[in-house]
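Participant: This is the structure I have questions about; it appears just below.
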Amino acid sequence: MGLKQGTATRKAGKATAAKILQAAHDMLASEPLVRFTLRNIAGKAEVSLANLQYYYPRREALIEAMMKDIDCRYRDACQSAISAQSASAPSEQIKAVLRFQLEDATQTKTRQFFIQLWALLGSMDNFSGRYLETLYAYDLEILSKPIAALHSNLAKAEVRDRALLIASLVEGLMVLVGDTSKKRASTKRTVDLLFQTALNIALEPPR
């Protein structure tokens, strides 16, 4: 799965593997899905197709590596958002993560990247949702942690349900609203309402 075993162990190899991942990321974010081929990605990364396939023999291997890379990117971004707000209290951590996620979800490149990635992942597992579940495992984790800290007597299943509802709201915004920079006046109210709704789900006391 992902990077071929035994490859990219040296500094230069790791740099090449990272350059290929970035090229694949950029292609999904800015070009039509039909162009997402190993040959085109190799060209964008300025490496030969044979060199790319040394690290990622199949497109599936590259996509699996991209999923791990996305996980790392979003872990770092969410933690940076929390640190930037000096958010030590669980409620403030939730607010910091939500603000970051909502802002990110309304960027054109983010929207195109994930919508095209969803299609790729669906084609890999016959739309069973297995890869999507893996992709969003960290999203649910980072939302669940402060919810659980806020409500020590809340069952794990309900903590996850709340995190799942919040994640669904954010992803729905990405699909239905899109780039708010192009229509900021008409969508700011929607984004603000979604933020408050998601926050209420997290903060609501157990019944």
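Participant: Under a point-charge model restricted to the Cβ atoms of Lys and Arg (+1) and Asp and Glu (-1), what is the dipole moment magnitude of the chain relative to its Cα centre, in debye to the nearest 20?
Facilitator: Dipole about the Cα centre, nearest 20: 480 debye.
Participant: On alpha-carbon atoms, Rg over Rh for the stretch 116-207 using Kirkwood Rh?
Facilitator: 1.04
Participant: For the residues Ile94, Ile115, Ile63, what sequence is obtained by ranking on other C-beta atoms within 10 Å, fewest first?
Facilitator: Ile115, Ile63, Ile94
Participant: Match the structure shown to one of the listed values (i) 15.9, 57; (ii) 18.7, 59; (iii) 16.9, 54 of Rg and Dmax of the Cα atoms in Å, computed from it, and give that label.
Facilitator: The listed entry that was calculated here is (ii).
Participant: Now for a different question. In which sequence would Val97, Val177, Val34 go, from the one with the fewest C-beta neighbours within 10 Å to the one with the most?
Facilitator: Val34, Val177, Val97
Participant: While we're here: Return Asp76, Asp139 ranked ascending by Cβ neighbour count within 10 Å, so the fewest neighbours appear first.
Facilitator: Asp76, Asp139
Participant: Which ³J(HN,Hα) values in Hz, rounded to whole numbers, follow from the phi angles of the stretch 40-50 under the Karplus curve 6.51 cos²θ - 1.76 cosθ + 1.60, where θ = phi - 60° and Gly and Pro get x?
Facilitator: 5, 5, 4, x, 5, 7, 6, 10, 6, 4, 4
Participant: Using 1/(1 + (r/R0)^6) with R0 = 45 angstrom and r between the beta carbons of Leu199 and Asp125, what's the FRET efficiency to the nearest 0.05?
Facilitator: Efficiency, rounded to the nearest 0.05: 0.85.
Every read-out reported here was derived from the displayed coordinates using simple, explicitly stated rules and does not represent laboratory data. None of these values were measured; they are calculated from a predicted model. Cβ: placed from backbone, ideal geometry, glycine included. Neighbour counts: every protein chain shown.
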